[in-house]
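Please read the structure below before turning to the comments.
Where a number appears in this text, it was derived from the coordinates with a stated rule and is not lab data. Given the structure is predicted, the values throughout are model-derived calculations rather than measurements. So basically every Cβ, Gly included, is an ideal-geometry build from the backbone, and we count neighbours across all protein chains shown.
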Amino acid sequence: MNPARRLFILLHRQGFEALYQAASLALTAGSMGDEVTVMAFFGGLLTLCGKLPYSDDPAAVRSIALGLPDPRHMLGEGRHTTGVRIATCETAIRLAGLDLDTVRPYVDEIIGLATLWKRAEGAQILYI
């Protein structure tokens, strides 16, 4: 059996498409036994926390018509069964104009960039 790969997804972009792509990739890799961390920043963090709604986005409308799950719910529920971790840093929270209490329900941990840098060593990194 191949050893688990490590994947870091840096979610920067706002909106449905970016969040759906991050959720799909993270949960697929996690369900295949890979170690996955999604780091949310800027528009990605705002979208994850529901501060940038996307219900009128054409891709979101098509997704609903196709019976696909909402990516916010995919990450919220699916990460616990696949081992996917969602993280951010305090500076990203403040730059997004959010507070810690607003963000905590959506992430597993709030870490510093130095910790992120150490953990990312040797991992595949995707920027979305």
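Summary table below
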| quantity | calculated |
| --- | --- |
| Convex hull (Cα only) mean projected area of the chain, reported in nm² to one decimal | 7.8 |
| Spacing of the two label points (7 Å from each Cα toward its C-beta) at Ser31 and Glu121, in nm | 3.3 |
| Alpha-carbon centroids, segment 1-32 and segment 44-58: separation in whole Å | 17 |
| Ellipsoid semi-axes in whole angstrom, largest first, where each is sqrt(5λ) of the Cα gyration tensor of segment 59-128 | 25, 17, 12 |
| 5 angstrom amide H check on Ile86, placed H, neighbours 5+ away | Val38, Asp108, Glu109 |
| Antiparallel %, DSSP beta bridges [both residues in the chain], to 5 | 0 |
| Highest-first arrangement of 89-96, 4-11, 113-120, where packing means the average Cβ count within 10 Å | 4-11, 89-96, 113-120 |
| Charge context of Gly33, other residues only, Cβ under 13 angstrom, K/R +1, D/E -1 | 0 |
| Residue exposure sequence - Met74, Met32, Met39 - by fewest surrounding Cβ within 10 Å | Met32, Met74, Met39 |
| Added length on full extension, which subtracts the Cα-Cα distance from 0.36 nm per residue, His12 to Leu100 | 29.9 nm |
